[in-house]
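K.L.:
What follows is a structure written as structure tokens; I'll ask about it next.
The numbers here are math on the coordinates, done by the rules we state, and not lab data. As the structure is a prediction and not an experimental result, all values here were calculated from the model. Here the Cβ positions follow ideal geometry from the backbone for every residue, glycine too, while neighbour counts run over all protein chains shown.
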Amino acid sequence: MNLASFDVLVVGAGIAGSSLVLQLRALRPDITIAVIDKAEFPREKVCGCCLNHRAIHALESLPGFAGYVPTGHPLEAFKFFTSGAPAVSVTLPRSIAISRGLLDNALLFAIRRTNVQSFAGTQALRTWTDNDLRYIEVRRGGRTETLSASLVIACDGLGGPFARWAGLAKPVSAPRKIGASVILESGAFSRLQDRAISMFHGREGYAGIVRLEDRRWNVAACLRVDRLDGRSPTNALRELLKTHGIELPAETQVSVTPPLHRKVRRPWKNRLLLAGDAAGYHEPFTGEGMAWALEAAGALAPLAACGWSIRMARMWEKTWRRQQGKRTVLRSLAAVLDHERLTQAVAQVAHILPAAPNLTVRELNRTSRHV
Ligand SMILES: Cc1cc2nc3c(=O)[nH]c(=O)nc-3n(C[C@H](O)[C@H](O)[C@H](O)COP(=O)(O)OP(=O)(O)OC[C@H]3O[C@@H](n4cnc5c(N)ncnc54)[C@H](O)[C@@H]3O)c2cc1C
């Protein structure tokens with residue numbers, strides 16, 4: 001059954017999808033727009049929950065959202081701990097920690113105040129296209145229906161299926177890393193610095209801990225699959241933190257992500273564009289992931305406002321390549337963290353020359369770096 005047809009249909013109401021919808025609606029009040037997400041909201045998702053200065057700036061600039069940016073827990077420092085080297089402390093420009101349950105729901109709430117149609121609990125199952133429209137079969141409330149649109153924008157995240165369905169990304173055959181996270185009650189880590197991202201590095205990978213807006217703690221980790229050694233992700237994280245004297249409560253169970261890898265050939269196919277993590281994943285450290293998703297949506301909205309054409313898709317590809325190219329600092333840092341000795345050496349240098357990491361973080365937060 002054909003449920004409805006739209007000018008633009010956005011799949012995924014995460015950071016990229018929701019911010020794109022708000023901007024597109026402001027640019028084109030005259031077109032029909034819909035957004036679907038497989039989750040019911042509010043929902044948590046695996047994330048470190050840190051918003052850096054650039055992300056906060058981008059959220060505050062979103063049409064229809066400025067007065068609704070939820071209050072997070074302020075973050076002032078990034079503390080990095082690895083065994084065999086002194087702790088490194090970096091001052092953070094304006095940053096906050098905020099649960100994805102609160103943030104993503106606030107964005108969806110802002111969308112629902114516009115005349116965009118939003119369908120939560122609606123999972124895309126497959127997609128196909130003819131000359132005029134792209135179709136998406138969805139499952140909603142136990143029923144299967146078909147939606148169609150002149151332009152579909154897939155903001156379906158790291159493990160989202162659209163890039164694979166369109167033949168733009170290959171399935172990951174041997175995952176190297178996975179993400180994991182859990183939110184714990186307020187008493188769990190009271191000896192950690194309250195307004196800091198505390199990051200612990202070890203053999204299994206690394207884990208960041210922050211306080212959230214409601215005083216609970218968010219623990220998020222990037223775990224190396226080849227170092228799990230038959231342990232569950234929860235137990236690998238437990239042992240990683242234990243080497244730093246941090247105990248996870250006995251009942252802890254983490255949620256995990258698909259492999260932390262997404263490389264696409266190009267971010268479009270006939271009447272389909274990819275944005276956010278769906279179009280490429282890079283490991284974030286101090287809140288860059290959501291800033292990238294917001295910046296991608298900010299650059300894509302004026303292009304999508306013109307409607308589908310190959311010329312528009314190629315312009316998006318050009319912008320996307322430029323944005324991907326700006327992530328070299330973070331890619332290098334992720335590569336360093338894969339090697340324990342190298343990480344220790346870099347931590348030693350950063351301890352002696354604290355200006356270097358401070359400058360790097362300041363540079364990563366410069367709002368003029370927006371594309
Ligand atoms: C361990 C870890 C820690 C991180 N820490 C941070 C951090 O501290 N700060 C930061 O800025 N970034 C962090 N990130 C990165 C950040 O989470 C992402 O970059 C950001 O969420 C990307 O936004 P997005 O909108 O592209 O995707 P998402 O936020 O993942 O949204 C995708 C949406 O698509 C929906 N979806 C997927 N498939 C379908 C389907 N078939 N049908 C319908 N809907 C679908 C999902 O339900 C989801 O709501 C972290 C990531 C990981 C893995």
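K.L.:
Can you give the Rg and Dmax of the chain based on its C-alpha atoms, in angstrom?
P.N.:
Cα radius of gyration and Dmax of the chain are 20.5, 65 Å respectively.
K.L.:
Continuing with this model, one more query. For the stretch 333-367, run through the trypsin sites (Lys or Arg not before Pro) and keep only the ones in DSSP coil with at most 16 other Cβ atoms within 10 Å of their Cβ.
P.N.:
For trypsin sites (Lys or Arg not before Pro) across the stretch 333-367 that sit outside H, G, I, E and B with at most 16 neighbouring Cβ atoms in 10 Å, the list reads Arg366.
K.L.:
While we're on this one: Quick one: which residues, 5 or more positions from Val35 or on another chain, have an amide H under 5 Å from its amide H? H modelled 1.01 Å from N in the peptide plane, none for Pro or chain starts.
P.N.:
For Val35, the qualifying residues are Val10, Gln117, Ser118, Phe119.
K.L.:
Shape verdict for the stretch 67-174, please, from the Cα gyration tensor: rounded (a/c under 1.5), prolate (a/b greater than b/c) or oblate.
P.N.:
oblate
K.L.:
Toward the positive end of the charge dipole of the stretch 237-346, about the Cα centre and with charges on Cβ (Lys, Arg +1; Asp, Glu -1), which of Ala275, Gly287, Ile246 goes farthest?
P.N.:
Of the listed residues, the answer is Ala275.
K.L.:
Might you report the magnitude of the Cβ-based charge dipole of the chain about its Cα centre, with Lys and Arg at +1 and Asp and Glu at -1, to the nearest 20 debye?
P.N.:
About 920 debye.
K.L.:
If you don't mind, another one. For the pair His339 and Ile310, what calculated FRET efficiency results from E = 1/(1 + (r/R0)^6), where r is the Cβ-Cβ distance and R0 = 56 Å, to the nearest 0.05?
P.N.:
The calculated FRET efficiency here is 0.80.
K.L.:
Turning to a different aspect of this structure: Report the one residue of Leu92, Val336, Ala124 whose Cα lies farthest in the direction of the positive end of the charge dipole of the chain (charges on C-beta: Lys and Arg +1, Asp and Glu -1; origin at the Cα centre).
P.N.:
Looking along the dipole axis, the top candidate is Val336.
K.L.:
In whole Hz and in residue order, list the ³J(HN,Hα) couplings for the stretch 263-277 that follow from phi through the Karplus curve 6.51 cos²θ - 1.76 cosθ + 1.60, θ = phi - 60°; x for Gly and Pro.
P.N.:
These are the phi-based 3J(HN,Hα) values: 10, 10, 5, 7, x, 7, 8, 3, 6, 9, 10, 10, 8, x, 4 Hz.
K.L.:
Please list 204-211, 116-123 highest first by mean number of surrounding beta-carbon atoms within 10 Å per residue.
P.N.:
Highest-to-lowest ranking by the protection proxy: 204-211, 116-123.
K.L.:
Tell me, what ³J(HN,Hα) does each residue in the stretch 224-232 have, in order and in whole Hz, if you take phi through Karplus 6.51 cos²θ - 1.76 cosθ + 1.60 with θ = phi - 60° and put x for Gly and Pro?
P.N.:
Here the 3J(HN,Hα) series is 7, 5, 6, 10, 6, 6, x, 7, 6 Hz.
K.L.:
Can you give the FRET efficiency to the nearest 0.05 for Glu363 and Asp229, using r as the Cβ-Cβ distance and R₀ = 35 Å?
P.N.:
0.40
K.L.:
Report the full-extension gain for the segment Ser83 to Lys170: residue separation times 0.36 nm, less the Cα-Cα distance, to one decimal in nm.
P.N.:
Value of the extension gain: 27.7 nm.
K.L.:
What FRET efficiency comes out for the pair Thr32/Arg140, r = Cβ-Cβ distance, R0 = 22 Å, nearest 0.05?
P.N.:
0.75
K.L.:
Right, something else. So between Glu239 and Arg331, what do we pick up on full extension, going 0.36 nm a residue minus the alpha carbon distance?
P.N.:
That pair, Glu239 and Arg331, stretches by 30.5 nm at full extension.
K.L.:
If you don't mind, there's one more thing I want to ask. Between Ser61 and Asn131, what length in nm is gained on full extension when 0.36 nm per residue of separation is reduced by their alpha carbon distance?
P.N.:
Net length gain for the segment: 21.6 nm.
K.L.:
Separate question: Roughly what would the spin-label model give for Arg112 and Gln193, points 7 Å off Cα along C-beta, in nm?
P.N.:
According to this spin-label approximation, the distance is 3.9 nm.
K.L.:
Still on this model: Counting only pairs 8 or more residues apart or on different chains, how many lysine pairs in the chain have their Cα atoms under 26 Å apart?
P.N.:
25
K.L.:
Ok, one more. Give the residue from Val138, Ile56, Ala163 lying farthest towards the positive end of the charge dipole for the chain; charges sit on Cβ (+1 for Lys and Arg, -1 for Asp and Glu) and the dipole is referred to the Cα centre.
P.N.:
Highest projection toward the positive end goes to Ala163.
K.L.:
Along the Cα→Cβ direction, 7 angstrom out, place labels at Glu251 and Leu353. What is the inter-label distance in nm?
P.N.:
Taking the simple label geometry, Glu251 and Leu353 are separated by 4.9 nm.
K.L.:
Quote the charge dipole size of the stretch 180-249 about the Cα centre in Debye, to the nearest 20; the model charges only the Cβ of Lys and Arg (+1) and of Asp and Glu (-1).
P.N.:
120
K.L.:
Rounded to the nearest 20 Debye, what is the dipole magnitude of the stretch 234-336 about its Cα centre when Lys and Arg each give +1 and Asp and Glu each give -1 at the C-beta?
P.N.:
It comes to approximately 920 debye.
K.L.:
Distance between Cα centroids, the stretch 114-153 to the stretch 189-207: provide it in whole Å.
P.N.:
41
K.L.:
7 Å from Cα along Cα→Cβ at both Thr71 and Glu185: what's the point-to-point distance in nm?
P.N.:
Result: 2.5 nm between the two label points.
K.L.:
Evaluate Rg over Rh across the stretch 236-371, taking Cα atoms for both radii and Kirkwood's formula for Rh.
P.N.:
Reported Rg/Rh (Cα atoms, Kirkwood Rh): 1.06.
K.L.:
Quick one: angle between helix 100-112 and the longest Cα principal axis of the chain, in degrees between 0 and 90, rounded to 10, please.
P.N.:
20
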